Amino acid sequence: MAGLAASFGSGAMSNSMDDIAGQAQAFFVIGSNTTEQHPVFGTMLRRAVRFRGAKLIVADPRRIDLVDFATLHLQQKPGTDIVLLNGLMHIILQNGWEDERFIAERCEGFEEFKETVMRYTPQMVSETTSVPVEKLHQAAEIMGTHKPMAVMWAMGITQHISGVPNVLNLANLQMLLGNMGIPGGGVNPLRGQNNVQGACDLGGLPNVYPGYQKVTVAEHNRKFEAAWGAPLSDKIGATVTEIIPDILEGKTHALYILGEDPLMSDPDTAHIRKCMEAVDFLVLQELFPSETSHYADVMLPGASFAEKTGTFTNTERRIQMVHKAVDPPGEALPDWKIITRLAKRMLHGRTLSPDAPYAGWEYSSTADVMIETAALTPLYAGVTHERLERGERLQWPVKALDHPGTPILHVGQFSRGKGIFHPIDHIPPAEEPDEDYPFVMSTGRVIYHWHGGQMTRRAQGLLEVYSEALIEINPDDAARMGITTNGSAQRVRVSSRRGSIEAQAWVTDRVPPGMVYANFHFPDASANELTQAALDPVAKIPEYKVTAVHVEPA
Ligand SMILES: Nc1nc2c(c(=O)[nH]1)N[C@H]1C(S)=C(S)[C@@H](COP(=O)(O)OP(=O)(O)OC[C@H]3O[C@@H](n4cnc5c(=O)[nH]c(N)nc54)[C@H](O)[C@@H]3O)O[C@H]1N2
Ligand SMILES: Nc1nc2c(c(=O)[nH]1)N[C@H]1C(S)=C(S)[C@@H](COP(=O)(O)OP(=O)(O)OC[C@H]3O[C@@H](n4cnc5c(=O)[nH]c(N)nc54)[C@H](O)[C@@H]3O)O[C@H]1N2
Ligand SMILES: [Mo]
């Protein structure tokens, strides 16, 4: 739940949940099952639609619950988001709905971008995405005439080999409409885990120190070397999706995994098994014996969220205090204490640099960790546990002790000066359906379970409502194959080039014909037996959302 999972997804919400839900005239939710996966914000959006009449456009290959409240549903084929967005921007430009002043004053690269977009005619976009031309026009009109509009997305956008270009194209859309730096607008990636934002903020990424200070900038290296009293590398490290496959290349020899269950959550499980068998030494810091624990040489017992005190930074960059409610059981300790103990053992016998204030790992509580964070991290410079305890609602950047924090980013100016339009062309998914594997499988979550299910499969109440993996399949496909939900032929076998799983079918028009949807909550039918490690070349995020599969009655 913490740690290296931080490499999934990137960036931060430019706006806050309150200003979006309260002030947007329209919402564009693309690739996020918001009511099931972000229920608090999902409820806020639903209320804004019902009680305030805000418009809602949902772009999702599935008819997710949010569609019931939507003004319009664009049901694009998985992996065609670039084309869809180019088509919408094409129509916006044709009708003069762009914000000329914003583009002229705050952006650059517009002409080249426009040239690309003008090649994506509604007809051609409709053919690639299977969204009807009229719906493209309706969506573009809502966007062009309801400002500000807020854009929200999640893993349906980022878990593709085109994850980064997909996100850049959403930024293009918001710059084109002038929806940046204002309440009710912005570009808003909904961050998944309770503290994935905090883990990224505080350096849980291979290319930056805390506060996104790049390791390749000499000045940053000097600052952290002086603070920590140790020589530091200026080389960008590897991501989790590189570290594990590197075992078979002989480049990774040992793993220290905290709060992650790669046997369940990484793509292509058969390959991950081989890697785990091959690694020389594996330390796993966990709450429970997980699927990955079968391969661990040493297990360190971590304490759960309810058993420790510290901060979580949520999806809107808000830093929040969390207090210990119960004592950790047995020998379990908060993760920071385990890490500190390990670090001190490693320091043993080394003389510490006397001028380096944080060389010795001397923390008596997480408040001390925050003092060090504030001293070295401009984004968190004014954050202290005292301020948070007083009830201050701090969203970074918090520039000083008397700075109130920053609810909306990019007001008046982008952080790098001008906003750049990026011309983006279609990048087809790494694997497309063919004769042998004619279906597209997409994967994700259900509301009742959490990822590999180590926590939620231990909760009896949740198992009572959702006890085994269900695979969503369209009624037309099911009828053709003789699959019914209450007859004898209710189980399906789904196979890809990597593996095969068998599970209960859920015959439903939530998915269109030709598509199935599977989750990775149950070890005996995990979608990741089938997925592949095709990565976005920049973010290194796997293409979990598109796999070519074969489906048959089991
Ligand atoms: N209950 C519960 N809540 C969770 C989690 C959990 O495990 N359980 N996990 C948390 C975490 S870490 C995360 S990252 C978030 C994830 O939150 P979300 O990203 O909202 O959830 P996902 O289930 O990954 O699916 C996202 C949506 O993308 C759609 N989709 C599939 N393919 C495509 C495509 O090609 N294009 C587009 N535009 N959409 C597509 C799917 O139909 C789905 O509706 O959820 C968080 N919340
Ligand atoms: N097919 C497919 N695969 C996916 C995705 C998808 O959409 N489709 N989504 C991906 C995404 S976005 C994510 S974020 C990952 C999530 O994948 P993981 O991070 O592997 O999953 P989690 O279940 O969140 O957490 C892993 C473990 O952390 C332990 N844990 C919980 N709290 C603590 C703690 O405080 N300390 C310690 N030490 N351990 C703790 C839990 O017991 C659990 O076993 O899955 C990815 N995998
Ligand atoms: Mo995630």
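The numbers here are math on the coordinates, done by the rules we state, and not lab data. Just so it is clear, the model here is predicted, and its values are computed rather than measured. Glycine also receives a Cβ, built like all others from the backbone with ideal geometry; neighbour counts cover every protein chain displayed.
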What is the dipole size for the range 196-389, taken about its Cα centre, with +1 at each Lys and Arg Cβ and -1 at each Asp and Glu Cβ, in debye to the nearest 20?
480
Taking only C-alpha pairs under 8 Å that are 6+ residues apart, what is the relative contact order of the range 439-553 in percent?
38
Debye, to nearest 20: dipole size of the chain, +1 on Lys, Arg Cβ, -1 on Asp, Glu Cβ:
1180
If I take the Cα coordinates of the range 66-209 and project them onto the principal axes, what are the three extents in Å, biggest first?
44, 36, 29
Identify, among 427, 551, 283, the residue whose Cα sits farthest towards the positive end of the charge dipole of the chain, taking +1 on the Cβ of Lys and Arg and -1 on the Cβ of Asp and Glu, with the dipole about the Cα centre.
283
Defining a contact as two alpha carbons under 8 Å apart and six or more residues distant in sequence, what relative contact order in percent does the chain show?
18
What lysines does residue 308 reach when the alpha-carbon gap must be under 18 Å and sequence neighbours fewer than 8 apart in one chain are set aside?
324, 337
With the contact rule set at Cα under 8 Å and sequence spacing of 6 or more, what percent relative contact order holds for the range 196-389?
19
Taking 2.2 N^0.38 Å as the expected size of a compact globular protein, what ratio does the Cα radius of gyration of the range 217-298 give against it, to two decimals?
1.33
log10 of Debye I(q)/I(0), alpha-carbon scatterers only, for the range 117-271 at 0.14, 0.19 Å⁻¹:
-0.99, -1.29
In deg cm²/dmol, rounded to the nearest 500, the helical mean residue ellipticity at 222 nm of the chain, built from -39500 (n - 2.57) for every DSSP H run of length 4 or more, is -8500 deg cm²/dmol
Hull shadow area, averaged, the range 196-389 [alpha-carbon convex hull, nm²]
12.4
Within 10 Å of each residue's Cβ, count the other Cβ atoms and sort 458, 497 from fewest upward.
458, 497
Please arrange 56, 347, 177, 462 by how many other C-beta atoms lie within 10 Å of their C-beta, fewest to most.
347, 462, 56, 177
At q = 0.07, 0.09, 0.11 Å⁻¹, base-10 log of I(q)/I(0) for the chain (Debye sum, equal scatterers on each alpha carbon):
-0.42, -0.72, -1.09
From fewest to most C-beta neighbours within 10 Å, the residues 167, 298 line up as 298, 167
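Fully extended, how many nm does the chain gain between residue 327 and residue 141 (0.36 nm per residue separation, minus their Cα-Cα distance)?
61.4 nm
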If you take every DSSP beta bridge fully contained in the chain, what fraction is antiparallel? Give it as a percent rounded to 5.
40
Identify the GluC sites (Glu not before Pro) of the range 232-323 meeting these criteria: DSSP loop state and at most 13 other C-beta atoms within 10 Å of the C-beta.
249
Karplus couplings for the range 108-117 from phi (6.51 cos²θ - 1.76 cosθ + 1.60, θ = phi - 60°), rounded to Hz, Gly and Pro as x?
9, x, 5, 4, 5, 4, 4, 4, 4, 4
